[in-house]
Each structure stands twice: as structure tokens, then as C-alpha cells.
Amino acid sequence: MNNHSISAEKFNRNEEHVNWHDTALWFVRQKRDRAASTVEGWEELRSLASAIKAHTLSALDEYLVQFEQNAMKNGIYIHWAANANAHNEIVYSILHSHKAKKLVKSKSMLTEECGLNHFLEKKGIEVIDTDLGERIVQLAQEPPSHIVMPAIHKKREEIDELFQQHLHTQPSGGDEVYLTREARKHLREKFISADAAVTGVNFAIAETGAIVVCTNEGNADMGVHATPLHIASMGIEKIIPKVEHLGIFLRLLARSATGQPITAYTSYYKSPRPNAEMHIVIVDNGRTDQLAEPNFRSALKCIRCGACMNTCPVYRRSGGHSYGYTIPGPIGSILSPNIDLKKYSSLPFASTLCGSCTDVCPVKIDIHSQLYQWRQVIAEKKESGFSKRIAMKISAKILSRAKTFHAVSKISNTLLRFLPKYISKAIAGKWTKQRELPEIPQYTFLEWYEKRRKR
Ligand code: SF4
């Protein structure tokens, strides 16, 4: 079982690093606010995007079939994968039939979710992540800690050391221009010698059978154009009905993600290049289960902008790795319990329920309400941990009986006033680890109220 609070505690041991991480993400959140404020009708745009996604999800089966038919007419091969393993097997069989041994991959959270790199490496295929942040975490043998900025947890100086070790660069004191140039040189060689390219999919348009891939580095395009084989991995929720809807999502995506008006490369792939092949693997992997849950289906509207992470006070101060799921932060915490309730039962509790995630979400997912609802499901299914369950049971008994409640309040008030601080802090548990207990009042509220009434 993954335990968010234990992993977060480890991340919090380096206070300076935590403060830096918090500031870096808040900077991105503020950029998002500035970018959103320049668009007239931003709120209407969010509502429209949310409505389009809701409509698409209500007829997803039809749109998926329409997409498949149109993509096949365009000369694209379509494959369906029920789960992560099927996805990996399909990708491998395509690569194997082309005798492809070297693969360049642009950023795709779905391939992370499926564990594609590891799977292919075990089969003897070299996989190179070509997004700079992804390449950094790949060299460090770590998973991404953010869906848009995978290496946001690493400082420039750490990347400098990593590159010295793996790319044999000179020490530069974290000079980002030098490091980026060296990464570019290294990746160019990989693009030129690759046999195939894997990309993710940001949007799949049912009406045309085309896919859209957004990057800031042009690495998806480099891979697709330098190799004769393009495999795109897409989740079933990536469908939008028409081309005319694309502009709405593109205007929201980049502004919400990084505060840019648009991603630097927004590529529309409709058919394979001459003498090249294009395949799309459409993956379910638990998504239809989520679709069947009326209270949680809207999580499938997510366009993976990362805005909910940048704004979340818990994510900013606990880091993406503490969530232990491919997609961290608020959206990951409402997607992961659907994948494995037992394993991820701590995640819906890793939130203050402040609602900031819901406020910034470009497709208006009610993230904090779903976090709250997952907590209830977890409690009902008895997945919330033994001590918490017992504490809740006792609390329910006390709070539902007025006389017991007043008696317990009185006893605990008296005890807390006279007990030495270290004992009362120990009783109060982890909450007082970094906080002081408030001064205990002389009277309980009821005693104070009764006194005033008599007067
Ligand atoms: S839930 Fe909303 S804010 Fe979070 S990543 Fe998805 S689209 Fe962006």
C-alpha cells in the first residue's frame, strides 16, 4: 500500500528544497493566471470545453468507432488494448515486425502508466525519452514527478551532475544554456539513428480520424519525421468530436499548463508520410470502469494540463513522487483509487479540500468534491486503516450523544489544562508535530453559554 504522508515526510526533510519546489510551481500558477486574464470570455471557454467533454463521454463508444473508421480511411492502422499489458504487447509486436531496435519516444503519460519503457527494454529494445525533462528523469532512473514538467523536482545543479555522469559534459555550475545544448546534441544522434517513434496523443478528432500532439520542444515531430514508423498511444478519453472544437481546447491547454498562449509545436497527424507507417493504439486500462461511475466519470474530461498540481498546496510541498502513482496531485488522487482502491486509499486524503484545483481546472472537473466522495467510498469499504476506523467509530459515538459529548469535552479540557505539554502533545498525535496546541479555555462552550444564559 502506498502511503502519501510517509513519502511526503521524506520529501519534507530538506526544507530549503521544499521551499524552492513550492515557489517554482507557484510561479507557474501565477503565469497561468496572467495568461488566462488576457483571454476575454475565459470562463465561458472553460464551460464550453467542459460541456464538449461531457457530451463526448456520453457517446464515447460512437465517437471512438467514428474515429477508427476515419483514421483507417486515412491509411492509419488502429489497435485496441484493454489494459496496459495488451498495449505493451501490441507496441512490441509492431516494432518486432519492423525489426525496430531503437525507439525515440516523446512525452506520453499513458506509456508511463503502462510501464512501456521497462517492458520494451526487457525485450532488448533501446527506448530514449526525447522530451528534455523526461530524458533527465530517465537518466536519473526516476519516474516523472509532474505531468507537464517531469523534472520540476530537480535543480539545475543536480542536472549538471547527472549530465556529467551520463553525457560526459563539463561541469557548468548548472548553466541551463550549456546543458540544453548538450542535451540537444545527444538527442539529435538518437533521432537520426532511431528505427521508430512513439508519441502520445493530446486530442483525437472523431470527424477526421486525425490526432494532435502538443510539445514545446518539437521532439515528437523530430521522431515522427526522422523514422519510418510512428506509433501513437492514446487513452479512449482523448476523443473530441469535431475539428472546430480543437481551438477551444488548444486555447485552454497551454495557458493552463505553463501560461503560454499556445504550445510551441501543435502538430496535426492525419495520415502516414509516403513510405512510412502510422499506428494508433487505443487504450482502456480502467477508463470504462471510471466512465461507469456517475460520481467520478467527469475525471475523464482531464486534458492533462497540470494546473491542479501547480496550485495545490499539498502537491507543492510534498512533491510528485510522494503520490506513488503515474499521475500525481489532485487529478491523480481521483483517478488512482479507480485503478486500485487498496493501494491508493491514502491519496484522496492528501488534500486540504480548499478547492483551488477545481477553480483552475480548464475543463471544470469538480476535483475537490470527488476527493471528498472518494473518502466516503474508502471509509465505507473499510480501506482507511485500522486506527483511523476505530478513531472515527469512537468519535461518531461521542458526537452523536449530547451528554457523552459534554462529559468528554469537560474531562479532556481539564486534563489538557493540567497535563504536562509533552504528554498532551503525544496524545494529540501527529497533528502537533509541527504545531502547538492552542491554549485550553477555562470553560467548555456549553459551560460558558449556560453561565451567560443564567445571567
Ligand atoms: S484535472 Fe483539470 S487542472 Fe488537473 S490536469 Fe486535468 S485538466 Fe488540468
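The values are calculated or read from the model by the stated rules, or taken from the named source; none is laboratory data. Here the structure is a predicted model, which is why all the values come from computation and not from measurement. As a convention, Cβ positions derive from the backbone with ideal geometry for all residues, glycine included, and neighbour counts pool all protein chains shown.
Quick notes on this structure:
- Only one of the listed residues (Ser271, Ser256) is assigned by TED's automatic domain parsing to the domain that holds Lys154, assigned to a helix (DSSP H, G or I), modelled with pLDDT of 95 or more and of a type in the set (S, T, N, Q). That residue is Ser256.
- The lone criterion from (1) surrounded by fewer than 17 Cβ atoms within 10 Å (Cβ to Cβ); (2) closer than 21 Å to Leu300 by Cβ left unmet by Lys270 is number (2).
- Any chance Tyr372 is surrounded by fewer than 22 Cβ atoms within 10 Å (Cβ to Cβ) and not aliphatic (A, V, I, L, M): yes
- Matching residues in region 295-322 - criterion: being closer than 16 Å to Phe11 by Cα and in contact with a Leu (Cβ under 6 Å, 6 or more places away or on another chain): Arg316
- Within region 251-309, the set of residues being under 23 Å from Ile378 (Cα atoms), among the polar types (S, T, N, Q) and either within 15 Å of the ligand (Cβ to nearest atom) or touching a Cys at 6+ places or on another chain (Cβ under 6 Å) (or both) comprises Gln290, Ser298.
- Which numbered condition Leu446 fails, given (1) more than 30 Å from Asn310 (Cα to Cα); (2) surrounded by 16 or more Cβ atoms within 10 Å (Cβ to Cβ); (3) in contact (Cβ under 8 Å) with a residue 24 or more places away in the chain: (2)
- Single condition Pro441 does not satisfy, out of (1) farther than 22 Å from Gly324 by Cα; (2) assigned to a helix (DSSP H, G or I): (2)
- Total residues in region 78-135, condition under 24 Å from the mean Cα position of the chain (by Cα), within 30 Å of Lys185 (Cβ to Cβ) and in a loop (DSSP other than H, G, I, E, B): 6
- Residues in region 311-356 that are touching a Gly at 6+ places or on another chain (Cβ under 6 Å) and among the hydrophobic types (A, V, I, L, M, F, W, C) were compared, and the one that is farthest from the ligand (Cβ to nearest atom) is Ile339.
- Qualifying residue in region 383-401 (condition: assigned to a helix (DSSP H, G or I), of a type in the set (S, T, N, Q), at pLDDT 90 or above and within 39 Å of the chain's Cα centre (by Cα)): yes
- Here the condition is being within 16 Å of the ligand (Cβ to nearest atom) and of a type outside the set (Asp, Glu); of His368, His406, it holds for His368 alone.
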